[in-house]
1. Which residue, of L191, L183, is in a helix (DSSP H, G or I) and buried (at least 23 other Cβ atoms within 10 Å of the Cβ)?
2. Please tell me if G80 is open to solvent by less than 10 Å² (accessible area, probe 1.4 Å), part of a loop (DSSP other than H, G, I, E, B) and touching a helix residue (DSSP H, G or I) at 6+ places or on another chain (Cβ under 7 Å).
3. Can you tell me which condition G207 does not meet? The list is (1) part of a helix (DSSP H, G or I); (2) crowded, with 22+ Cβ neighbours inside 10 Å; (3) of a type outside the set (K, R), and all the others hold.
4. Confirm whether I143 is aliphatic (A, V, I, L, M), free of Cβ contacts under 8 Å to residues at least 60 places away in the same chain and not in a loop (DSSP other than H, G, I, E, B).
5. Within segment 147-167, track down each residue that is open to solvent by less than 60 Å² (accessible area, probe 1.4 Å), aliphatic (A, V, I, L, M) and under 22 Å from P182 (Cβ atoms).
6. Can G164 be described as assigned to a helix (DSSP H, G or I) and of a type in the set (G, A, S)?
7. Hey, could you check segment 93-146 for residues that are of a type in the set (F, W, Y) and open to solvent by 50 Å² or more (accessible area, probe 1.4 Å) and say which is nearest to V179 (Cα to Cα)?
8. So in segment 227-261, with the set limited to residues that are surrounded by fewer than 17 Cβ atoms within 10 Å (Cβ to Cβ) and more than 24 Å from I58 (Cβ to Cβ), which one is modelled with the lowest pLDDT?
Amino acid sequence: GTVGGVILLFWAIVALFAPWLTAYPPNRIDYLLIAEPYPSRAHWLGVDNLGRDMWSRIAHGARTVLTVAPIAVLTAAILGSILGLLAGYRGGWIDALITRIGDTMLAFPKIILYLIIIAKFGASAFNIIAVIGLTSAPIIARIVRAVTLDVKNRDYVAAARMRGESSAYIMLVEILPNVRGPLIVDFFLRLGYTTIAIGVLGFLGVGLPPPDPDWGGMVKETYGLLFVYPHMTLIPCLAISTLVIGFNFLATGLKEAGQDG
C-alpha cells in the first residue's frame with residue numbers, strides 16, 4: 001500500500017506541476033530533432049517521431065489520465081451505488097429489472113461497448129467518462145446490492161423504519177456506510193482498469209482527440225518504430241504500467257488493512 005501510494009503521489013505531482021516541470025510545450029514539433037531522437041541533456045526522455053519532447057508529453061498526459069479516470073470511476077460508483085441500493089432494498093420487480101439490465105451489459109465485452117458508443121457519439125473526454133461510467137456501474141451495483149441484502153434486515157435498519165425514516169434516509173445513512181470499505185477498494189482497483197481502458201482507446205485511435213498528449217495515443221503513433229527507436233513506445237507503456245501498479249498496490253494495501261482491522 002505504501003509503495004502504491006508513493007507511485008501515485010509521484011504521478012499526482014507530475015500531473016499537477018506539469019507546466020513547471022517541463023521545458024517545452026507538449027505539442028511543439030521540431031523536425032530537426034527527428035534525426036537525433038534519443039534522450040539527451042536537453043530532452044531527458046528524447047523526442048517522438050515528430051520531434052516533440054517525450055517528457056513534456058508524458059507529464060501533460062498524466063494530467064489527462066488523472067483527471068478522466070477518477071471522474072469516470074466516480075461516475076460509475078455513484079450510478080452503481082444508487083442502482084445497487086434500489087435493487088437490494090426494494091427487491092421485487094425493481095431488483096429483477098436492474099439485475100437483468102446489468103447482466104445484459106456485462107454479457108458484452110467492454111471494449112466492444114466502448115467502440116460502439118464512442119463511434120456513435122465521437123471521441124472526447126466527456127464521452128470516454130460517460131462510456132466507462134456506464135459500463136462499470138453494473139459491477140459496482142452488484143457489490144452494493146449484495147451488501148444491502150445482508151444489511152437491510154438488521155436491527156438498526158428495523159429501528160430506523162420504526163422511527164418513520166424515509167427509504168432514502170435508510171439507504172443512504174443506515175445501509176450505504178456499510179458498503180464504504182468494499183467500494184473504496186474497488187474504486188482504486190477500477191482506477192487501474194480505467195487507466196488501461198483509456199490507453200487501449202487511445203491505441204485504437206478512439207481516445208482523446210489529438211494533438212493533446214494521450215499515453216495510449218503515443219504508443220499508437222510510435223509502435224511501428226519499436227525496433228528502431230524503442231524509447232518512443234516503451235516510455236508511455238511504462239507510464240501506463242506504473243500508474244496501474246500504483247492503483248493496484250494501494251487497493252491491495254487498503255484491503256489488507258481493512259481485514260486486519
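1. Details: L183 fails: buried (at least 23 other Cβ atoms within 10 Å of the Cβ).
One residue alone meets the criteria, L191.
2. Details: open to solvent by less than 10 Å² (accessible area, probe 1.4 Å): yes; part of a loop (DSSP other than H, G, I, E, B): no; touching a helix residue (DSSP H, G or I) at 6+ places or on another chain (Cβ under 7 Å): yes.
No, not satisfied.
3. Unmet condition: (1).
4. Values: aliphatic (A, V, I, L, M): yes; free of Cβ contacts under 8 Å to residues at least 60 places away in the same chain: no; not in a loop (DSSP other than H, G, I, E, B): yes.
No, not satisfied.
5. Residues satisfying the conditions are V147, V151, V157, A160.
6. Working: assigned to a helix (DSSP H, G or I): no; of a type in the set (G, A, S): yes.
Judged against the criteria, G164 is not a match.
7. First, the residues of segment 93-146 that are of a type in the set (F, W, Y): 93, 108, 114, 121, 126.
Retained after the next criterion (residues that are open to solvent by 50 Å² or more (accessible area, probe 1.4 Å)): 93, 108, 121, 126.
On the way: W93: 23, F108: 27, F121: 34, F126: 28 Å.
Here the answer is W93.
8. The selected residue is G261.
The values are calculated or read from the model by the stated rules, or taken from the named source; none is laboratory data. Just so we're clear, the structure is a prediction, and the values are computed from it rather than from any experiment. Neighbour counts run over all protein chains shown; Cβ positions are idealised from the backbone, glycine included. Accessible surface is based on the protein model in full, side chains and every heavy atom, while ligands, DNA and RNA are left aside. Shrake-Rupley method; radii C 1.70, N 1.55, O 1.52, S 1.80 Å.
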